[in-house]
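Engineer: I'd like to ask some things about the structure below.
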Amino acid sequence: MFNLKPVASRRARAAGLSTPLLLGLVVLATLAPFLAAGVFAVARFAAEHRAAERDQLTELAKSLSNAVDRELYGYLETARVVAATPQLERGDLEGFAELARVAASRTGGHFQLIDRNSRHIVNTLIPVGTVRPLAAEPEEVNRVFDSGEYLVGHLVEMPITHQLQFGVRVPVSIGNELRYVLTFIPPQGVIQKLVQQTFKPSGWFAGVIDNRGLVAARSASFEKFFGRPISPEFARQLSEHRSTLESTDLEGRPVVTAYEKSLISDWRVLVWAPQETLAQAGNQALIVILAMLLLTAAASVIVGLTAGLLISRPMRRLVDAARRLGDQRPLEFKPSLLREANVVAEELFRWEEKGGPSIASPIRRGFGHKVVEQMVAQAIQGTAQLHWRSQGLVWTMNASAACAIRNLDQPAHSTR
């Protein structure tokens with residue numbers, strides 16, 4: 001007596017990780033080097049972004065300084081042209097005064113002709129013969145007399161206009177004698193107007209300070225700070241021709257400041273940005289990059305988990321089909337996207353004799369053999385083969401899963 005039983009695996013549950021989790025870990029392990037490289041790239045981008053901002057501050061300071069120098073050089077050339085008039089060479093002070101008034105009316109400023117005693121010989125703001133005041137800054141006048149070179153002065157309250165203005169002073173020689181200093185006083189606010197027309201970045205600031213550290217122009221709060229001195233500590237930091245430094249502006253904000261020294265004066269042009277503003281601009285870029293990295297990682301993990309589910313579901317169906325086969329219950333397996341699982345499902349029909357007498361392959365094969373192999377193969381739309389082994393007969397059927405579900409709906413029975 002022998003039993004015809006399906007071969008089934010033991011139904012022991014093995015401990016381990018699920019396929020989706022394993023694939024998710026594989027994805028994370030694959031992405032780990034790229035995420036590390038991304039973090040390094042973000043850190044490098046942040047450093048380069050800070051360096052680029054400082055470079056931009058420096059370039060803006062240089063550009064604005066060039067614009068200020070062009071303006072000052074224009075005033076210097078105006079003073080030189082007026083100082084070279086023939087009337088002054090001949091000593092015709094009345095003729096020179098008339099010519100200087102015409103030039104002043106066209107330039108919007110005024111002229112002062114000053115002698116070595118710092119007296120105004122000619123001042124285009126007052127009529128000839130009027131008592132003339134002394135020069136507002138005799139030290140500057142003496143420096144020009146001593147050096148014989150031009151000088152761009154600092155802001156000072158002029159004695160007649162009572163306004164904070166600066167003068168461009170040039171030496172005037174009559175023959176071989178340095179006899180006068182001609183000073184051209186531009187209109188008040190000309191440098192401020194230049195800064196407003198030239199400097200545009202939003203959230204950043206610019207300013208011009210004279211050779212005594214007084215604010216000559218400012219892109220914001222000009223009326224409040226015009227003529228006010230910068231702190232001595234900050235003034236000592238402006239010793240180079242150009243540099244970038246961290247400081248505190250007159251409003252008390254921590255800022256990054258770039259400055260450039262004028263090429264024709266001791267004035268300095270400053271461009272600064274609040275550190276908070278610079279940090280916000282950099283942080284926004286970093287947030288975008290980090291968000292892209294995180295979204296890429298999340299999308300990859302989701303794809304890995306989804307792929308794991310696509311694999312685990314057919315595998316669970318295979319396990320369920322194998323258990324049904326072992327319990328001699330009807331098989332159920334829906335075709336899946338996993339080709340390997342579908343192949344395994346088609347190989348589930350393998351029946352083997354156990355516990356019977358030794359057998360040998362028959363010499364002749366008759367109608368029964370045809371029924372078993374050919375007709376069954378047609379019925380299941382697959383193949384059916386008999387294998388004669390010494391321990392018993394093995395009947396292997398390769399059927400499509402759909403055919404198996406449709407036809408094998410009854411459990412197998414033991415035979416004698």
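Engineer: Any idea which of (1) at pLDDT 65 or above; (2) part of a helix (DSSP H, G or I) is the one residue 46 doesn't satisfy?
Structural biologist: (1)
Engineer: Kindly indicate whether any position in the stretch 330-338 is at pLDDT below 70, of a type in the set (D, E, K, R) and outside the structural domain of residue 197 (by TED's automatic domain parsing).
Structural biologist: yes
Engineer: If you scan the stretch 80-96, which residues turn out to be assigned to a helix (DSSP H, G or I), within 28 Å of residue 265 (Cα to Cα) and out of contact with any Ser or Thr (no Cβ under 7 Å at 6 or more places or on another chain)?
Structural biologist: Answer for the stretch 80-96, where residues must be assigned to a helix (DSSP H, G or I), within 28 Å of residue 265 (Cα to Cα) and out of contact with any Ser or Thr (no Cβ under 7 Å at 6 or more places or on another chain): 80, 81, 82, 83, 88, 89.
Engineer: Hey, which of the strands (runs of 3 or more DSSP E) in the stretch 99-189, taking only ones fully inside, have at least 1 residues that are surrounded by fewer than 18 Cβ atoms within 10 Å (Cβ to Cβ) and among the charged types (D, E, K, R)?
Structural biologist: Once the strands (runs of 3 or more DSSP E) in the stretch 99-189 are filtered for at least 1 residues that are surrounded by fewer than 18 Cβ atoms within 10 Å (Cβ to Cβ) and among the charged types (D, E, K, R), what remains is 177-185.
Engineer: Another question, then. Looking for something in a strand (DSSP E or B), farther than 18 Å from residue 256 by Cα and free of Cβ contacts under 8 Å to residues at least 60 places away in the same chain - is there at least one such residue anywhere in the stretch 203-214? Let's see the steps before the verdict.
Structural biologist: Kept after step one, since they are in a strand (DSSP E or B), are these residues of the stretch 203-214: 205-209, 214.
Applying the additional criterion that residues be farther than 18 Å from residue 256 by Cα yields 214.
Those still in the list that are free of Cβ contacts under 8 Å to residues at least 60 places away in the same chain too: none.
No, the stretch 203-214 has no match at all.
Let's see how each residue does on (1) among the hydroxyl-bearing types (Ser, Thr, Tyr); (2) outside any strand (DSSP E or B); (3) under 18 Å from residue 62 (Cα atoms):
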position	(1), (2), (3)
224	no, yes, no
234	no, yes, no
247	yes, no, no
252	no, yes, no
260	no, no, yes
263	no, yes, yes
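Engineer: Sticking with this structure for a sec: What number of residues within the stretch 74-98 satisfy the criterion of being among the polar types (S, T, N, Q) and surrounded by fewer than 19 Cβ atoms within 10 Å (Cβ to Cβ)?
Structural biologist: Residues that pass the stated criteria total 2.
The values are calculated or read from the model by the stated rules, or taken from the named source; none is laboratory data. Computed from a predicted model, the values in this text were never measured in an experiment. Positions of Cβ are generated from backbone atoms using ideal geometry, with glycine treated the same way; all protein chains shown enter the neighbour counts.
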